[in-house]
1. Might you tell me the accessible area per residue for the chain, computed with a 1.4 Å probe and given in Å²?
2. Can you list, largest first and rounded to whole Å, the semi-axes you get for the stretch 103-198 by taking the square root of 5 times each eigenvalue of its Cα gyration tensor?
3. So for the stretch 1-131, taking the charge dipole from beta-carbon charges (+1 Lys/Arg, -1 Asp/Glu), which of Phe12, His113, Met95 sits furthest toward the positive end?
4. Please work out the FRET efficiency for the pair Asp173 and Asp196, using the Cβ-Cβ distance as r and a Förster radius of 35 Å; give the result to the nearest 0.05.
5. Note the angle between two axes, namely the Cα long axis of helix 151-174 and the longest principal axis of the Cα atoms of the chain, as a number of degrees from 0 to 90, rounded to the nearest 10.
6. Report D for the stretch 1-130 in µm² per second (integer): Stokes-Einstein, Kirkwood Rh on Cα pairs, 4 °C, 1.567 mPa s.
7. Please give the FRET efficiency for Tyr83 paired with Asn52, using the beta carbon to beta carbon distance and R0 = 22 Å, rounded to the nearest 0.05.
8. Taking Cα pairs under 8 Å and at least six residues apart, what relative contact order does the stretch 7-155 come out at, in percent?
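The values are calculated or read from the model by the stated rules, or taken from the named source; none is laboratory data. This is a predicted model, so every value here is computed, not measured. Counting neighbours? That spans all protein chains shown, and the Cβs are built from the backbone with ideal geometry, glycine included. Calculation scope for accessible area: heavy atoms of the full protein, side chains included, ligands and nucleic acids excluded. Shrake-Rupley method; radii C 1.70, N 1.55, O 1.52, S 1.80 Å.
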Amino acid sequence: MTLPVHFTFQQFQRMTPLDGANIWAFLLERYGERIGVKRRKPALQNLEIIFNATFRLANEVGFRAMNLRDLCRETGLSMGGLYGYISGKDQLAEMIEEVVRHATKEVPRMFAHVEDPLDRLEALIRASIFLSEILQPWFYFVFMDTRALPPQQRAMAKESELYVQTLITGLLDTVEPHPNGAAPLLAAHCMAMFQDWYVKRWKYRAAKVTPDQFAESTVRFVRSHLAAARTS
């Protein structure tokens, strides 16, 4: 099953590599050797509890300020119970970054079959926005709390962002005609719009802007910029 080029948020939800339901299974599989709890059902439930609590605390007091005792209180788990899943805050941050990095790398593969570069670019724009909607707390954490990550994870988080930006730049360079020398800047503008969507989600909810509307607006922005190059 493949997505049409002009797909909707609902269509993307059925195809996304990670979502609110399977993300816990992904973490359990990826970090299974480190997670001491072997019973699958309680492990999945507790992973969901731990990460949702982490996002709440990070928003309320900041990830740097929170500690594992705060997380115990928020989750209802004992310190020993918590250590069954994570060794400390650094690992917690690593797992969050890993989810975002994995999803970011997987999404472009969904459109490898699309031959027209402009169509592939549009698909990547839509998918990037829709993915950040589905995984909004994860993307928000990486954006806001990158400074709290260990140096290696900080570098990997930055690399994930640059990976998408480089893909967009490469596609823009293959669209004819394209703005001479402006592809990296236009790609950076796209990334800024993606980030505004998931960092300031409250603003768009208040205005009742849907993911489909925002994605369509972003696509029109890029297409109009490219159209201007044809007349300049």
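1. Value for the chain: 50 Å² per residue.
2. 24, 15, 12
3. Final value for the positive-end residue is Met95.
4. For Asp173 and Asp196, the calculated efficiency is 0.90.
5. So the helix axis and the longest Cα principal axis differ by about 20 degrees.
6. Here the translational diffusion coefficient equals 79 µm²/s.
7. 0.75
8. The normalised contact order for the stretch 7-155 reaches 31 percent.
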